[in-house]
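Structure record follows, encoded as structure tokens.
The values are calculated or read from the model by the stated rules, or taken from the named source; none is laboratory data. The structure presented is a predicted model; accordingly, all values stated were derived computationally and were not measured. Just so you know, the surface numbers come from the protein's heavy atoms only, side chains and all, with ligands and any DNA or RNA stripped out. Shrake-Rupley method; radii C 1.70, N 1.55, O 1.52, S 1.80 Å.
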Amino acid sequence: MPRNIVYRPETQFIADLVYRSRTSQRLSQGEVAEKLGRAQQFVSNVETGKTAVQFVALLDLLQALNYDPHQFLEDLQARMSDAPRRAKKKR
């Protein structure tokens, strides 16, 4: 059975990149949420890794942050490459 995606390290990498982008622009979660037409809690949940954001919603979030999707993917790949490899569980 697949693991819950919220608890994967990749979800936390995405959360960190979104948080850093927002705070570097001195935007509040409420301001980003308003641009998205969503509740502030959505932004909070993404940034804390409580919510694994769907791809289309991620694109909307990146647009609200003026974060180029190509650059985001490069940044995400770099974070994933730097992370220690996890041992695969035997079945």
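Couple of notes before you dig in:
- Portion, in percent, of the accessible area of the chain that falls on carbon or sulfur, probe 1.4 Å: 51 percent
- Solvent-accessible area per residue in segment 5-80 equals 61 Å², computed with a 1.4 angstrom probe and all protein chains kept.
- Whole-Å semi-axes of the ellipsoid equivalent to the chain (Cα gyration tensor, √5λ, descending): 25, 15, 11
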